Amino acid sequence: MKILMIEATKYTPMINLDPQKGVFEFKGKSYPENTFDFYSPVIDWIEKYFMSDRSAPTRVNMDIIYFNSSSSKLFFDFFDILDEARKNGYSVEVNWYYDKENESSLEAGEDFKEDFEELTFNLIEK
Amino acid sequence: MDIRQDRLIDELQVFMESDLERFKSLGERIIKDIRRQHKIMEASDKRQRKEYDQLQEKLLEVERLNREIEDTQKEVVFTMGAIGESRSKETGNHVKRVAEYSKILALAAGMSEREADLLKQASPMHDIGKVAIPDDILNKPGKLDESELDVMKQHTKLGYDMLKHSKRPLLKAAATVAYEHHERYDGNGYPRGLKGEEIHIYGRITAIADVFDALGSDRVYKKAWDDERIFELFKNEKGKQFDPHLVDLFFENINELLKVREEYRDLFG
Ligand SMILES: [Fe+2]
Ligand SMILES: [Fe+2]
């Protein structure tokens with residue numbers, strides 16, 4: 001698999017999915033005009049990623065400072081995929097970065113963590 | 001959200017032709033999903049409220065700062081006008097009255113409220129150039145001789161030169177007023193001898209406001225003219241010193257002008 005790299009725009013985050021290192025990075029803002037269209041290649045890529053054999057752990061670093069509700073919904077779906085992968089024996093860890101000043105980012109992180117009890121989900125203050 | 005991409009709906013359709021086991025797991029997922037949706041909505045509502053509050057606060061702050069800037073500007077401009085007047089033989093409320101007269105005439109001439117206000121603030125600076133006129137000429141008790149008069153007349157150009165570099169509409173207007181308030185409609189004024197509508201409307205208006213006030217006020221060196229005499233002068237100078245149309249407007253609005261004069265009367269102790 002090849003690296004999937006998407007540059008940040010005013011409305012969308014930088015995304016870098018590196019299959020060799022097993023690191024997924026999301027950084028920036030997420031309020032695309034059409035959230036599902038924007039993320040659908042990302043979701044496809046990730047589903048394919050977890051169809052291949054791998055023993056090395058996958059680390060997901062999410063540093064999203066602003067996002068709309070459909071991004072929120074999409075992140076839930078995304079974590080579902082990760083959780084599913086975990087159930088299938090993959091090692092997955094999510095790091096959710098937040099700014100102390102950014103209440104909604106922390107609260108969203110807490111919501112995710114609460115919803116995915118068995119997924120390793122770290123809330124990390126920047 | 002785009003319905004085409006809702007997996008639950010897809011699965012619900014599959015379920016239509018499926019078994020109970022599947023229904024149970026699907027039901028659980030639907031419940032979970034609904035709970036998530038609630039969370040998302042709650043979070044979104046909360047944030048929306050917060051963002052709206054912040055926006056309102058910022059707007060109020062911007063308004064406050066705008067007012068602050070405008071007030072500061074008015075004060076600075078007014079003070080500059082007062083400095084100019086302190087160098088001339090005008091007294092007391094002269095600049096305030098000239099400001100008000102100018103606005104009345106500007107509105108009568110069909111200017112917008114905004115532009116009339118601009119002129120109101122700019123017109124008090126008409127004599128700002130006098131700060132650069134030497135004291136011995138400015139304070140000379142008797143009549144000025146011809147060369148002294150030439151120096152005195154330079155206060156127009158000097159005022160213009162002080163203000164002309166600004167890009168601010170207010171100071172640009174003030175520069176025009178300083179430059180052109182001694183021009184005459186018939187072309188016999190100074191410093192450039194502009195004629196008719198070559199003289200900017202700001203200059204033509206301020207000329208009337210300034211003379212009307214100067215004649216109607218008591219000075220250290222002369223008593224105020226009575227109104228009949230002032231009106232006579234404006235009638236005679238219609239089309240000569242002053243724009244004839246503006247003189248008509250002056251008479252049409254004379255009650256309002258006199259009210260301002262009364263309101264800002266100089267009080268001598
Ligand atoms: Fe003057
Ligand atoms: Fe004056």
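The values are calculated or read from the model by the stated rules, or taken from the named source; none is laboratory data. Every value quoted in this text rests on a predicted model; they were computed, and no experiment measured them. Virtual Cβ from ideal backbone geometry, glycine too; neighbours counted across all protein chains shown. Just the protein is used for accessible areas: all its heavy atoms, side chains included, with ligands, DNA and RNA removed. Shrake-Rupley method; radii C 1.70, N 1.55, O 1.52, S 1.80 Å.
Quick notes on this one:
- If you go through segment B:184-205 and keep only what is aliphatic (A, V, I, L, M) and in contact with a helix residue (DSSP H, G or I) (Cβ under 7 Å, 6 or more places away or on another chain), you end up with B:L194, B:I199, B:I205.
- Annotation note: of A:E25, A:E103, A:E93, the sole residue that is touching a residue at least 24 places away in the same chain (Cβ under 8 Å), within 23 Å of B:K39 (Cβ to Cβ) and open to solvent by 10 Å² or more (accessible area, probe 1.4 Å) is A:E93.
- Any helices (runs of 4 or more DSSP H) falling wholly within segment B:173-269 and containing at least 2 residues that are among the acidic types (D, E) and open to solvent by 30 Å² or more (accessible area, probe 1.4 Å): B:227-237, B:244-252, B:254-263
Residue-wise test of (1) of a type outside the set (D, E); (2) touching a helix residue (DSSP H, G or I) at 6+ places or on another chain (Cβ under 8 Å); (3) away from every other protein chain (no Cβ under 14 Å).
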| residue | (1), (2), (3) |
| --- | --- |
| B:K24 | yes, no, yes |
| B:I31 | yes, no, no |
| B:M41 | yes, yes, no |
| B:S44 | yes, yes, no |
| B:R47 | yes, yes, no |
| B:N66 | yes, no, yes |
| B:K74 | yes, yes, yes |
| B:G81 | yes, yes, yes |
| B:R87 | yes, yes, yes |
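- Among the residues of segment A:63-115, those that are of a type in the set (A, V, I, L, M, F, W, C) and within 9 Å of chain B (Cβ to nearest Cβ) comprise A:F76, A:A108.
- Filter pass, B:G159 being modelled with pLDDT of 90 or more and at positive phi: no
- Some residue of segment B:122-139 being of a type in the set (S, T, Y), within 25 Å of B:F212 (Cβ to Cβ) and in contact (Cβ under 8 Å) with a residue 60 or more places away in the chain: yes
- Options B:I69, B:I34, B:I40; residue that is in a helix (DSSP H, G or I), open to solvent by less than 70 Å² (accessible area, probe 1.4 Å) and at pLDDT 85 or above: B:I40
- Any hit, segment B:49-60, residues being in contact with a Lys or Arg (Cβ under 7 Å, 6 or more places away or on another chain) and away from chain A (no Cβ under 14 Å): no
- Taking the criterion of being hydroxyl-bearing (S, T, Y) and either open to solvent by 40 Å² or more (accessible area, probe 1.4 Å) or in contact with a helix residue (DSSP H, G or I) (Cβ under 6 Å, 6 or more places away or on another chain) (or both), the residues of segment A:56-90 that qualify are A:Y66, A:S69, A:S70, A:S71, A:S72.
- Residue match in segment B:10-17 (condition: at negative phi, part of a loop (DSSP other than H, G, I, E, B) and away from every other protein chain (no Cβ under 14 Å)): yes
- Taking the conditions (1) more than 23 Å from the chain's Cα centre (by Cα); (2) within 17 Å of B:S88 (Cβ to Cβ) in turn, B:D145 satisfies each one other than (2).
The rows are residues; the columns are (1) within 16 Å of ligand 1 (Cβ to nearest atom); (2) within 15 Å of B:G84 (Cβ to Cβ).
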| site | (1), (2) |
| --- | --- |
| B:R97 | yes, yes |
| B:L105 | no, no |
| B:G110 | no, no |
| B:K130 | yes, yes |
| B:L149 | yes, no |
| B:D161 | yes, yes |
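- Whenever a residue of segment A:36-51 is farther than 13 Å from A:I6 by Cβ and more than 14 Å from every other protein chain (Cβ to nearest Cβ), its partners that are part of a helix (DSSP H, G or I) and open to solvent by less than 20 Å² (accessible area, probe 1.4 Å), lying with C-beta atoms within less than 7 angstrom and at least six residues away or across chains, give the pairs A:F50/A:A85.
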